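All remarks here apply to the structure that follows.
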Amino acid sequence: MMQTTADVLIVGGGPTGMTLALELATQGVSFRIINKAASRSPYSRALVVQARTFELLNRHGARELEAFLAQGKTAARASMCVAGRKIADIETDAVRLPGTKFPFPMTINQAETERWLETMLRKRGVSVEMGVEAKSIVQDADGVTVTVAAQDGSEEVIRAKYVVGADGAHSTVRHAATNLTFNGDAYPQEFICADTHMESSMPGGQAYMCLGKGAFIVLPLKDGMVRLVVSRPGQDTSREPTLADFEEFMQEIFPGGGSLHDATWVTRFRLHHRGVNSYRDGRLFVAGDAAHIHSPAGGQGMNTGIQDAGNLGWKLGAVLRGEKEDGFLDSYHHERHRVGQSLLTSTDRAFTYITSTNPIFLFLRNLILPWIIPLAVANKARIMKQFQFISQLRIRYRHSDIVGTASGFRGPVKGGDRAPDGKIRGPEDGEMWLLDLLTPTEHHLMLFSGSGANKASEGELNRAEARFLEDANTAVKVHAIFSEEERDGQGQAGYVDVEGELHKTLGFMDAGYVLIRPDGYIAHIGPLEAVGEAAKWL
């Protein structure tokens, strides 16, 4: 039997596994990625890509990401309907997310997401080994021995330093671990789903959430198609659903009814809500659906798995290059487990409210909602806060022991927060976004001149840079960001904070710095005079 070695073996070649492979491909470590299925499904339940996911993928090439964005669709608006009557609209422009290059979520079929990730991997000389299954996974103090089998029956032993399970709800890696549990339950309802063309008197190209005796959800896709997701009390579960089942319910719950035709996919499924107790067991890690599965409320599942991969990838690279001790990898669990648990709680609460089949609850919900929803939609600040949560831009790791904030710094942004984005202007690059400067391989130190009377000169920023680099023990890129007043006409080497928005967001009236991790989160932040502290947080 052939035996090979690798630093990391990724089990599972879906969006989570391929994102981790993309991260590791930049880290200078050896890895392999295998996938049990020999081919990919053209269908997908994962559909929504959130702003934070776009930001993470943007680090691998803004131009390449444009091809991915071209596959997506942004809903013109979202309409809320109860008992066949529209009661409120949320216009897309009203929930444009501030402080990001990607102000809206997009509907992109998971098959398109996988194709784009595969293309990005091929450019880096990486391919997913399809039709290869992990049959046995045994870890010891020094590594993990994995026996894999191809579809022709041939077997191979891979000796890896670490194994990451991105292999879904029935994860082989999770089952091989001795200390991982996956507690939770199944939702009692069965759901039916269809990708189809829809004709109705209501405007197309937008999302609909229709509640009544059940739920009827419409999401716009490319080429005039829609994704329908239906939960209906008393649904016939003894047979496969047909388009006629959707059409029948549509007359009851969708304003004005309508017709459906030329479906490309009709299916049924059940959903679970489960979470793992730890994201690490020795040299085994879990990510994505192997670590957490929850309802599709808010389009969080695939996006959360991609963020898991972004968090773990650079940390594995740092340890495997010898820059960090193995214990550094514990921060993956400390940072991501809390996020997974929070999403399980919030999505379960929302999903239960939407899909409950209790007749008394349905009566009260459908009686009250026509009064409550218009008032809620009118509260723009509350709606924006909800959309920022759904976008995953508000996720932060302030509790983590590998991030920090300089003593006495009272700005609104802290260590562990997502690095804010905003428009900057360079001497050669023209106008761009701050996070366009980020790369997945290095930390980035952003030196801000300040915007008040005590703003720093170019010389002061240069001296701060030299002071920081004296103690830096890993690769760091340094960027100077001047306020508009300081930069104009002075000829400094650096970037201009367009309209000073980044200085305002960060609270930098005086000069300050932000040390950004390879995954786009803040490792350390503080006033410029404290920059000597920052190197300790690399």
* Of all residues in region 282-312 being of a type in the set (D, E, K, R) and out of contact with any strand residue (DSSP E or B) (no Cβ under 8 Å at 6 or more places or on another chain), which is modelled with the lowest pLDDT? -> 289
* Structure fact -> Restricting attention to region 269-296, the residues that are surrounded by fewer than 17 Cβ atoms within 10 Å (Cβ to Cβ) and part of a strand (DSSP E or B) number exactly 3
* Considering each residue of region 317-342, count those that are open to solvent by less than 10 Å² (accessible area, probe 1.4 Å) and in contact with a strand residue (DSSP E or B) (Cβ under 6 Å, 6 or more places away or on another chain), and give that number. => 1
* Asked: Going by the structure shown, is residue 92 among the β-branched types (Val, Ile, Thr) and within 27 Å of residue 42 (Cβ to Cβ)?
  -> no
* To do: For residue 215, state whether it is more than 30 Å from residue 145 (Cα to Cα) and buried (at least 18 other Cβ atoms within 10 Å of the Cβ).
  => yes
* To do: Confirm whether residue 205 is in a strand (DSSP E or B) and small (Gly, Ala, Ser).
  => no
* To do: Starting from region 149-165, take each residue that is crowded, with 20+ Cβ neighbours inside 10 Å and list its partners that are at pLDDT below 95, counting only C-beta distances under 9 angstrom and pairs at least six apart or across chains.
  => 158/3
* Here are 163, 148, 138: which of them is in a strand (DSSP E or B), among the aliphatic types (A, V, I, L, M) and more than 20 Å from residue 13 (Cβ to Cβ)? -> 138
* To do: Quickly run through region 151-160 and pick out the residues that are among the acidic types (Asp, Glu) and part of a strand (DSSP E or B).
  => 155, 156
* Determine, yes or no, whether residue 169 is open to solvent by less than 20 Å² (accessible area, probe 1.4 Å), on the phi < 0 side of the Ramachandran plot and among the aliphatic types (A, V, I, L, M). => no
* Structure fact -> If we ask which residues in region 212-235 are on the phi < 0 side of the Ramachandran plot and under 28 Å from the mean Cα position of the chain (by Cα), their number turns out to be 15
* Asked: So, in region 363-406, of the ones that are among the charged types (D, E, K, R), touching a residue at least 60 places away in the same chain (Cβ under 8 Å) and not in a helix (DSSP H, G or I), which residue ends up farthest from residue 417 (Cα to Cα)?
  -> 401
* Is it the case that region 79-102 has a residue that's hydroxyl-bearing (Ser, Thr, Tyr) and either in contact with a Cys (Cβ under 7 Å, 6 or more places away or on another chain) or farther than 30 Å from residue 368 by Cα (or both)? -> yes
* Can you find a residue in region 233-245 that is among the acidic types (Asp, Glu), modelled with pLDDT of 90 or more, in a helix (DSSP H, G or I) and open to solvent by less than 60 Å² (accessible area, probe 1.4 Å)? -> yes
* To do: Being touching a residue at least 60 places away in the same chain (Cβ under 8 Å) and surrounded by fewer than 17 Cβ atoms within 10 Å (Cβ to Cβ) is the filter; apply it to region 437-455 and report the residue that is farthest from residue 26 (Cα to Cα).
  => 439
* How about region 1-120: which strands (runs of 3 or more DSSP E) wholly inside it have at least 3 residues that are open to solvent by less than 10 Å² (accessible area, probe 1.4 Å) and in contact (Cβ under 8 Å) with a residue 12 or more places away in the chain? -> 2-11, 77-82
* To do: Can you run down the residue pairs with Cβ atoms below 9 Å, 6 or more apart or on separate chains, where the first is in region 233-248 and closer than 15 Å to residue 264 by Cβ and the partner is in a loop (DSSP other than H, G, I, E, B) and of a type in the set (Asp, Glu)?
  => none
* To do: Mind listing whichever residues of region 489-527 are surrounded by fewer than 21 Cβ atoms within 10 Å (Cβ to Cβ), assigned to a helix (DSSP H, G or I) and out of contact with any Pro (no Cβ under 8 Å at 6 or more places or on another chain)?
  => 498, 499, 500, 501, 504
* To do: Return a yes/no flag: does region 460-471 have any residue that is part of a loop (DSSP other than H, G, I, E, B), in contact (Cβ under 8 Å) with a residue 60 or more places away in the chain and surrounded by fewer than 18 Cβ atoms within 10 Å (Cβ to Cβ).
  => no
* Taking residue 140, is it open to solvent by 40 Å² or more (accessible area, probe 1.4 Å) and closer than 23 Å to residue 315 by Cβ? -> yes
* Structure fact -> residue 207 meets each of (1) in contact with a Leu (Cβ under 8 Å, 6 or more places away or on another chain); (2) modelled with pLDDT of 90 or more; (3) open to solvent by 40 Å² or more (accessible area, probe 1.4 Å); (4) not charged (D, E, K, R) with one exception, condition (3)
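The values are calculated or read from the model by the stated rules, or taken from the named source; none is laboratory data. These figures come from a predicted structure and were not determined experimentally. In this analysis, Cβ positions are derived from the backbone assuming ideal geometry, glycine residues included, and neighbour counts consider all displayed protein chains. To get the accessible areas, we keep the full protein, side chains included, count just its heavy atoms, and leave off ligands, DNA and RNA. Shrake-Rupley method; radii C 1.70, N 1.55, O 1.52, S 1.80 Å.
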